[in-house]
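The values are calculated or read from the model by the stated rules, or taken from the named source; none is laboratory data. Just so it is clear, the model here is predicted, and its values are computed rather than measured. As a convention, Cβ positions derive from the backbone with ideal geometry for all residues, glycine included, and neighbour counts pool all protein chains shown. Only protein heavy atoms, including side chains, enter the accessible area calculation; ligands, DNA and RNA are left aside. Shrake-Rupley method; radii C 1.70, N 1.55, O 1.52, S 1.80 Å.
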Amino acid sequence: MPGIWQIGCNTIETSINFYFIEFLMNIQNSINEFKRAQESIPGGVNSPVRAFKSVHGDPIFIKQAKGARITDIDGNEYIDFVSSWGPMILGHADERVINAIQTAAILGTSYGAPTVAETELAELIKKMVPSIELVRMVNSGTEATMSALRLARGFTGRDLVIKFQGCYHGHADSFLIKAGSGALTLGYPDSPGVTQGTAKDTIIAHYNDLSSVEEIFKQKGDQVAAIIVEPVPANMGVILPEPGFLDGLRKITYKYGALLIFDEVISGFRLAKGGAQEYYGVMPDITALGKIIGGGLPVGAYGGRKDIMNRLAPLGPVYQAGTLAGNPLAMSAGLATLKIINETRGFYNELDRKSSLLEIGFRENLQNTGIPGVINRIGSLMTLFFTEEKKVNSYDTAVKSDTGRYARYFKLALENGIYLAPSQFEAAFISLAHTDDDIEKAVKAGLRAVEIIKTQ
Ligand code: KE4
């Protein structure tokens, strides 16, 4: 039984006389492997958004990747704008990163004891991220945010955390309340299994609405341990901070003695060497990092003011630990990646230049076809919202997007070798490996996609 893609291809093909699809994309092996995976893995995937549920298709199984391209197990090649959800800012399988991992692997894979590589990566992070005086390595973004929150509660002696509707901070219980990313995409931003006891300590505010934060502080300011925020949310699609919003969060947390946690798992090392805090000039008390920091291997980190970080065991009473924290292979990949970023002249200017070509092209596609949409971009992070809204600057405006139209756009782009995020509420990640020609191909495929959408 062919998967929906085959039916999709046939439908599209018969309706547009081949001009759009040079070839009938065969993903039969992916379809077979997805069926097989579902026998052993819940939903056939190890992370929900990979299941393509919101874009109504069978996920493609990847065989390999190089530069800006990924190849599935049927041999189809795509220009990749998911970039493993952010880590692959250099592009896939960068030789310098691969060599670093190979060199480390020959010496052993894990010791459960300190290594110099951990110190070197910590020193580099301190050099790059302006607010970080001490940093602790963990294995994922979730571990980083979860630990940052525990530390904030331990440091302040307070229980409450304020998060913003639509922001995603990983899958720790305290954050799965009105969460974004896969939780929003799949329609359960409040996950079962999170107890009332936990949920009561998470207070929801609205991004770009300082008054919603002030209201909470007026009522419970002396109980708030921290605000945690994606300084540039990318899990309800990309939303840009209104002028003064981040600075307003900084001021109100100072006023009430709460901490400000920047979840820079996506924005860190992507918007600038020092992430959003450098880009916007607002310094948090604790920063959570992930993705790029590991160069494609499992690394998260959290860091900040020395007086706060010194509360962590073994120095202080706030406990956090991890068998593979600071793993030498992961450290080697992260070190290689961050060193390349630091040593490549004009790294962010070039990323921004390529990304602006994509933005301009996609914007022209919408204008040329009259399809309503909004594009939010900052640096190499971008979302095209299919929406009648004139501006998408909040959760409420983001969720008005036409997810069905996005799903069709995603599928048509994929049929033409462009791999976008399989959800309206995620982002496109552009890497240094994307060439101008790749961007041009993506814009052309995007144009054909919106031209077809217009006929549906
Ligand atoms: P991980 O535990 O997935 O490494 O990081 C969690 C996390 C924390 N903070 C932010 C701002 C994040 O975006 C994430 C994870 N991002 C999603 C995609 N938006 C990861 C993809 C997935 O869940 O499969």
(message) Given a 1.4 angstrom probe, what's the average accessible area per residue across the chain, in square angstrom?
(response) 41
(message) Given an 8 Å cut-off on Cα distances and at least 6 residues of separation, report the relative contact order of region 95-343 as a percent.
(response) 30
(message) Between ASN29 and THR323, what's the calculated FRET efficiency when r is the beta-carbon distance and R0 is 41 Å? Round to 0.05.
(response) 0.70
(message) With θ taken as phi - 60° and the coefficients 6.51, -1.76 and 1.60, list the Karplus ³J(HN,Hα) couplings across region 403-411 in order, rounded to whole Hz; mark glycine and proline as x.
(response) 5, x, 5, 4, 4, 5, 4, 4, 5
(request) Could you check how much of the accessible area of the chain is carbon and sulfur, as a whole percent, using a 1.4 Å probe? (result) 53
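With the cut-off at 19 Å, tell me which of the pairs LYS163/LYS400; LYS163/LYS391; LYS218/LYS251 have Cα atoms farther apart than that.
LYS163/LYS400; LYS163/LYS391
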(request) Measure nothing but the geometry: give the 0 to 90° angle between the long axis through the Cα atoms of 328-343 and the longest principal axis through the Cα atoms of the chain, rounded to 10°. (result) 80
(message) Output needed: percent of Cα pairs per 10 Å distance bin for the chain, bins running from 0 to the one holding the longest distance.
(response) 4, 21, 31, 27, 14, 4, 0
(message) Let me understand region 95-343 better: what is its radius of gyration from the alpha carbons, and its Dmax, in angstrom?
(response) 17.6, 57
(message) Can you give me the angle between helix 141-156 and the longest principal axis of the chain, using Cα atoms only, in degrees from 0 to 90, rounded to the nearest 10?
(response) 20
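For the chain, what is the relative contact order in percent, using Cα pairs closer than 8 Å and at least 6 residues apart in sequence?
On the way: 912 pairs, mean separation 94.6, N = 456.
That works out to 21 percent.
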(request) In nm, give the distance between the simple-model label positions of THR195 and THR344, each being 7 Å from the Cα along the Cα-to-Cβ direction. (result) 4.6
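Rounded to the nearest 500 deg cm²/dmol, what is the calculated helix-only ellipticity per residue at 222 nm for the chain, with -39500 (n - 2.57) per DSSP H run of length n ≥ 4? Let's see the in-between values first.
Values: 16 runs with 182 residues, N = 456.
The helix contribution divided over the chain gives -12000 deg cm²/dmol.
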(request) Kindly list the residues of region 317-332 that lie in the label zone of ALA113, defined by a backbone N under 19 Å from the point 7 Å along the Cα-to-C-beta vector. (result) 322-332
(request) Compute the long axis of helix 28-37 from its Cα atoms, compare it with the longest principal axis of the Cα atoms of the chain, and write down the angle in degrees, 0 to 90, nearest 10. (result) 40
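Scanning the chain for GluC sites (Glu not before Pro) in DSSP loops with at most 11 other Cβ atoms within 10 Å, what's the longest stretch left with none?
Working: sites that count: GLU22, GLU39, GLU388.
Longest run free of exposed loop sites: 40-387.
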(request) Find, among the trypsin sites (Lys or Arg not before Pro) in region 313-395, those assigned to loop by DSSP (not H, G, I, E, B) with at most 15 other beta-carbon atoms within 10 angstrom. (result) ARG345, LYS390, LYS391
(message) Taking the Cα centre as origin and putting +1 on Lys and Arg beta-carbons and -1 on Asp and Glu beta-carbons, what dipole magnitude results for region 209-335, to the nearest 20 debye?
(response) 340
(request) Over all alpha-carbon pairs of region 319-436, lay out the pair-distance distribution in 10 Å bins, whole %, shortest bin first. (result) 12, 34, 27, 20, 7, 1
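Please state, rounded to one decimal and in Å, the Kirkwood hydrodynamic radius that region 258-375 gives when every pair of distinct Cα atoms enters the mean of 1/r. Let's see the in-between values first.
On the way: mean 1/r = 0.0594 Å⁻¹.
Averaging 1/r across every pair of different Cα atoms and inverting gives 16.8 Å.
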(message) Using the Karplus curve 6.51 cos²θ - 1.76 cosθ + 1.60 with θ = phi - 60°, what ³J(HN,Hα) values do you get for each residue of region 157-165, in whole Hz, with x for Gly and Pro?
(response) x, 10, 9, 6, 10, 9, 10, 10, 4
(request) Just the number, please: percent antiparallel of the DSSP beta bridges in the chain, rounded to the nearest 5. (result) 60
(message) Out of the trypsin sites (Lys or Arg not before Pro) in region 138-233, which ones are loop residues according to DSSP with at most 12 other C-beta atoms within 10 Å?
(response) LYS200
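With only Lys, Arg, Asp and Glu charged, each at its Cβ (+1 for the first two, -1 for the last two), find how big the charge dipole of region 95-343 is about the Cα centre; round to the nearest 20 debye.
Rounded to the nearest 20 debye, it is 280 debye.
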(message) Take ASP437 and ARG353, extend 7 Å from each Cα along the Cα→Cβ direction, and tell me the distance between the two endpoints in nm.
(response) 1.8
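Subtract the Cα-Cα distance of TYR254 and THR71 from 0.36 nm times their separation in residues, and report this length gain in nm to one decimal. Could you put the intermediate results ahead of the total?
Values: separation 183, 0.36 × 183 = 65.88 nm, distance 4.91 nm.
Difference between extended and current length: 61.0 nm.
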(request) Return the distance in nm (one decimal) between the two label points of a simple spin-label model at GLU364 and ARG311, each offset 7 Å from Cα along Cα→Cβ. (result) 5.3
(message) Could you give each residue of region 110-117 its phi-based ³J(HN,Hα) in whole Hz, using Karplus coefficients 6.51, -1.76, 1.60 with θ = phi - 60°, and x for Gly or Pro?
(response) 6, 10, x, 9, x, 10, 5, 4
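Filter the chymotrypsin sites (Phe, Trp or Tyr not before Pro) in region 55-130 to those in DSSP coil with at most 11 other Cβ atoms within 10 Å of their Cβ, and list the result. If you can, show how the numbers build up before the last one.
On the way: sites: PHE61, TYR78, PHE81, TRP85, TYR111; in loops: PHE61, PHE81, TYR111.
For chymotrypsin sites (Phe, Trp or Tyr not before Pro) across region 55-130 that sit outside H, G, I, E and B with at most 11 neighbouring Cβ atoms in 10 Å, the list reads TYR111.
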(request) Could you give the size of the charge dipole of the chain about its Cα centre, using +1 on the Cβ of each K and R and -1 on the Cβ of each D and E, expressed in debye and rounded to the nearest 20? (result) 620
